[in-house]
Structure formats: C-alpha cells, structure tokens
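Please read the structure below before turning to the comments.
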Amino acid sequence: MVSVGLLDRSVNRVSEMLELQNASAIVTGGASGLGEASVRALAAKGVKVVILDLDRQAEKGDALAKEVGGIFAAADVTDEEQVIAAVEAAKELGPLRAVINSAGIGWASRTIGRDGSYESAHNLELFRKVIDINLVGTFNVTRLAASAMSLNEPDQDNARGAIINTASVAAVEGQVGQVAYAASKAGIVGMTLVIARDLAPAGIRCNTIIPGFFDTPIYGGNQEMKDHLMKDTLFPKRLGFASEYASLAIELITNGYINGESVRIDTGTRMQPK
C-alpha cells in the first residue's frame, strides 16, 4: 500500500520539470512551418528564443523575433562557426536549456533512371546534400548546443537541458523516390538513443519527433497535393497543425522522464509505397 506521504511527494515532483522561464532556446528552421510554431510555443513559456534559419529567411525571422521578443540568427546548420555564434547569442539571453531542430530539406528522385544509364541514376551530390543538411546539420547543432548546455547549473533532477530533433514517417516508411530524405531522417532516429546515452552524464535529454503529414509552407498552397496526402491519414482525416507538433515538442522538453525516444505524431498514418 502506497502511503499518502509518498503520493504527495510524487505529485509535488511535477513542479520540478525542466524550468524554461527566463531560459533561452534555439529553434532551427524557426522562421516558418513547424519551427515557427515551436518558437511561438516556447515564447509563451517565457523562453527567449534564437530563431536560427538561412539568410534568405531573414525578413520572416526578424519579424517573428520582434513579435516574440527573441532574436534572429542567420546560419546554415552545417556551418560550425555560424552555429556557434547562434549558441553564444542564446547564452547572452539566458541559460540555453532547449533546442528544437526542425531545419531540413526534401528531394524526390528514384535510385535509378528508366533507361538504365549511369547518368540517369540518382544524383550523388544531391543525395549528399540532403544527408548533409538533414542529418549532419542536426548533429552539428546538437553537439554544439549540448556543449553549452553542459555548463548550465543543474536543477533538482540534475537536468541541464533538452534537445528535440525532427525526423519523418519517411524514416520508417519511405515512399518511392524518397531514398535521400528517408536515409537522412532514419539517421536522426538511429542516433537518438545514442545521443541520449552520450549526454546523460551531463544531464541533457534527447528525443526525436516523427511527424506525419503537416500543413506547412512546404506544399506551397498546393491543395491537390494536400488532398492526396490526407487520403493516407487515419483519424482525424486531415493534415496536422504546426501547433500540434509544437505542443509535443514542449512536452518532450519539459517532461523530465522522457528520454531517448522517437515519438510518432501522425494520426496513425502508415505511408504507402507511393
């Protein structure tokens, strides 16, 4: 039989979740889509957010930063010096306690062409580019941000921070033509537990979100494409809202007992070959 005292202590532990008030965070790909929603969700928790995105997103990023009281940092996630500058900017705002990696690109091409020629096979440089941005870029931000987090003062749980990476259902159910994208996202899923184990002595958690079909600017207002994607959703029969992704990201950041996990958010979708 569990005593009332033990139950009381268990309930009180909720207040010891990772503290975000007056802390800073970095959101990559933060000027639009899932990243933008994450920026808003973090700001609503009292976090000073560094919106890390490409220079071509500066207008959107600056406007969002002004709105939420954060700053925009023009950076390529694969560039070590630019990412370090963004991390240092975050530290100026407060202890860096959270990172959401949502930057990424897609590419559609089959492994071989129809004519069997070497020239029509999947472009190798494009394959490398997708891997470099989605996988290497995610790891680059993770390793540098975690280094800064490791110097934070620990809380009552000896926690210093949390990192959320973003994969895709393509990581486990990639469709025809998604070989580069699926490989990059599968890599993110594959390194999640290893990173969590690496960072555990420093009091830093790492989890990955595996989104299904979300209504973001990536579809460019193509309603026909959206309608096609909705056919594979289970329930609810719609694309996801960016705010739903952000809500899960906040939960994974603040809930101190979730670590090393890759969590699907996709209505029960299972992607078909094409």
Those residues of the range 240-274 which are among the aliphatic types (A, V, I, L, M) and modelled with pLDDT of 95 or more, in sequence order: ALA242, ALA246, LEU248, ALA249, ILE250, LEU252, ILE253, ILE258, VAL263, ILE265
Out of ILE188, ILE195, ILE265, report the one residue that is farther than 22 Å from ALA145 by Cβ and in contact with a helix residue (DSSP H, G or I) (Cβ under 9 Å, 6 or more places away or on another chain). ILE265
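Determine, yes or no, whether ALA37 is over 22 Å from ALA148 (Cα atoms) and among the small types (Gly, Ala, Ser).
Spelling it out, ALA37 is indeed over 22 Å from ALA148 (Cα atoms) and among the small types (Gly, Ala, Ser).
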Could you pull out the residue among THR233, THR208, THR269 that is in a loop (DSSP other than H, G, I, E, B), surrounded by 19 or more Cβ atoms within 10 Å (Cβ to Cβ) and touching a residue at least 12 places away in the same chain (Cβ under 8 Å)? THR269
Has the range 35-52 got at least one residue that is more than 18 Å from TYR245 (Cα to Cα) and without any contact (Cβ under 8 Å) to a residue 12 or more places away in the chain? no
With the structure loaded, tell me whether LYS60 is outside any loop (DSSP other than H, G, I, E, B), more than 17 Å from ALA242 (Cα to Cα) and of a type in the set (D, E, K, R) or whether it fails that test. no
Evaluate the range 175-190: report whether one residue or more is in a strand (DSSP E or B), at pLDDT 95 or above and closer than 16 Å to ILE258 by Cα. no
For the range 219-237, indicate whether the set of residues that are under 30 Å from LEU93 (Cβ atoms) and either under 15 Å from the mean Cα position of the chain (by Cα) or aliphatic (A, V, I, L, M) (or both) is non-empty. no
Looking at the structure I just gave you, is ILE253 under 16 Å from the mean Cα position of the chain (by Cα) and farther than 22 Å from ARG40 by Cα? no
Please work out if ILE253 is surrounded by fewer than 18 Cβ atoms within 10 Å (Cβ to Cβ) and of a type outside the set (D, E, K, R). no
If you take the residues in the range 51-101 that are touching a Phe, Trp or Tyr at 6+ places or on another chain (Cβ under 9 Å) and hydrophobic (A, V, I, L, M, F, W, C), which one is nearest to THR28 (Cα to Cα)? LEU52
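The values are calculated or read from the model by the stated rules, or taken from the named source; none is laboratory data. Since the model is a prediction, treat every value here as computed from it, not as a measurement. Note that each Cβ is placed from the backbone with ideal geometry, even for glycine, and that neighbours are counted across all protein chains shown.
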